[in-house]
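> Let me give you the structure first, and then I'll get to my questions.
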Amino acid sequence: CKVLPPFIAIMPYGFKSYYIDNYNNELSYETFFTQEFLPFTDSLYSLSNQSSERALGGLSMGGYGAVVLTLKHPGLFGTCISLSGALRTPEQFMALSPVRYHEYFSQVFGPSLQGNDRLTAHWKSNSPYYLIDSLKASSLRSILWYIDCGNQDDLLPSSKAFYNLLQ
């Protein structure tokens, strides 16, 4: 049994941002998080800015955000925790019903997109399935990954697909 050292858990609200900058930069959540929020919390609580001492985690949308931000900023986070992460594969993203896409993704990736048109440059630049290719294997191995998803969860296939990519 390993005992965790003292730590601070900070849980900012992500709205429906998926923790990234949206397609037209009206909501620049990733920029805010990495350039303002982290430095502010580091200074406020005298936290270490060493990636080995910083974890990023989340549930569902937050699990997606944790994975994407870790892949995009590997120097910031040494541990990534995705719990039932909304890590939809390109096929799953294209197959979303128009109603579901509009409700959850139109403000992030663009309105009224259907099928293959949803796989925009912005979506690809924020997709774990494309981002993983931008990192060297040694960089990926330097991060501690915790990917968890329930056996009855609709997001299990995408968590497995991302896990397989990590392997």
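The values are calculated or read from the model by the stated rules, or taken from the named source; none is laboratory data. Please read all numbers here as calculations on a predicted model, not as lab measurements. So basically every Cβ, Gly included, is an ideal-geometry build from the backbone, and we count neighbours across all protein chains shown. Protein only, heavy atoms only, side chains kept; ligands, DNA and RNA dropped before computing areas. Shrake-Rupley method; radii C 1.70, N 1.55, O 1.52, S 1.80 Å.
> Counting only residues that are at pLDDT below 95 and more than 23 Å from GLY62 (Cβ to Cβ), which one in segment 116-139 is most open to solvent (accessible area, probe 1.4 Å)?
If we take residues in segment 116-139 being at pLDDT below 95 and more than 23 Å from GLY62 (Cβ to Cβ), then LYS136 is most open to solvent (accessible area, probe 1.4 Å).
> Out of SER60, SER52, report the one residue that is on the phi > 0 side of the Ramachandran plot and open to solvent by 40 Å² or more (accessible area, probe 1.4 Å).
SER60
> Look at ILE81 and say whether it is β-branched (Val, Ile, Thr), open to solvent by 40 Å² or more (accessible area, probe 1.4 Å), in contact (Cβ under 8 Å) with a residue 24 or more places away in the chain and part of a loop (DSSP other than H, G, I, E, B). First the steps, then the outcome.
On the way: β-branched (Val, Ile, Thr): yes; open to solvent by 40 Å² or more (accessible area, probe 1.4 Å): yes; in contact (Cβ under 8 Å) with a residue 24 or more places away in the chain: yes; part of a loop (DSSP other than H, G, I, E, B): no.
Considered against the rule, which asks whether it is β-branched (Val, Ile, Thr), open to solvent by 40 Å² or more (accessible area, probe 1.4 Å), in contact (Cβ under 8 Å) with a residue 24 or more places away in the chain and part of a loop (DSSP other than H, G, I, E, B), ILE81 comes out as no.
> For segment 136-156, which positions are within 24 Å of ASP21 (Cβ to Cβ) and more than 15 Å from the chain's Cα centre (by Cα)?
Across segment 136-156, the qualifying residue is only SER139.
> What is the number of the single condition among (1) in a helix (DSSP H, G or I); (2) of a type in the set (A, V, I, L, M, F, W, C); (3) at pLDDT 95 or above that LEU165 does not meet?
Of everything listed in (1) in a helix (DSSP H, G or I); (2) of a type in the set (A, V, I, L, M, F, W, C); (3) at pLDDT 95 or above, LEU165 misses just condition (3).
> OK, next. Scanning segment 90-113 for residues that are in a loop (DSSP other than H, G, I, E, B), small (Gly, Ala, Ser) and open to solvent by 20 Å² or more (accessible area, probe 1.4 Å), which turns out modelled with the lowest pLDDT?
Within segment 90-113, the match that is modelled with the lowest pLDDT is SER112.
> From ALA9, ALA86, grab the single residue that is free of Cβ contacts under 8 Å to residues at least 24 places away in the same chain and of a type in the set (A, V, I, L, M). Even if it seems obvious, please write down each step before you answer.
Working: ALA86 fails: free of Cβ contacts under 8 Å to residues at least 24 places away in the same chain.
After ruling out the rest, the residue left standing is ALA9.
> I'd like the full set of residues that are touching a Gly at 6+ places or on another chain (Cβ under 6 Å) and of a type in the set (Ser, Thr, Tyr), limited to segment 46-83.
Within segment 46-83, SER51, SER52, TYR64, SER82 meet the criteria.
> Here is a follow-up. Can you name the residue in segment 114-134 that is of a type in the set (A, V, I, L, M, F, W, C) and assigned to a helix (DSSP H, G or I) and, of all such residues, is farthest from the chain's Cα centre (by Cα)?
Going through segment 114-134, the residues of a type in the set (A, V, I, L, M, F, W, C) turn out to be 119, 121, 123, 131-132.
Restricting the remaining residues to those that are assigned to a helix (DSSP H, G or I) gives 121, 123, 131-132.
Values: ALA121: 17, TRP123: 12, LEU131: 11, ILE132: 12 Å.
For segment 114-134, the residue satisfying everything is ALA121.
> With respect to GLY14, determine if the residue is touching a residue at least 24 places away in the same chain (Cβ under 8 Å) and part of a loop (DSSP other than H, G, I, E, B).
Judged against the criteria, GLY14 is a match.
> Being open to solvent by less than 40 Å² (accessible area, probe 1.4 Å) and either without any contact (Cβ under 8 Å) to a residue 24 or more places away in the chain or not polar (S, T, N, Q) (or both) is the filter here; which residues of segment 20-36 pass it? Walk me through how you get there before you give the answer.
Keep residues of segment 20-36 that are open to solvent by less than 40 Å² (accessible area, probe 1.4 Å), which gives 20-22, 29-30, 33-34.
Matches in segment 20-36: ILE20, ASP21, TYR29, GLU30, PHE33.
> Hey, another quick one. Which ones in segment 143-160 are of a type in the set (Gly, Ala, Ser) and either assigned to a strand (DSSP E or B) or crowded, with 17+ Cβ neighbours inside 10 Å (or both)?
Within segment 143-160, SER158, SER159 meet the criteria.
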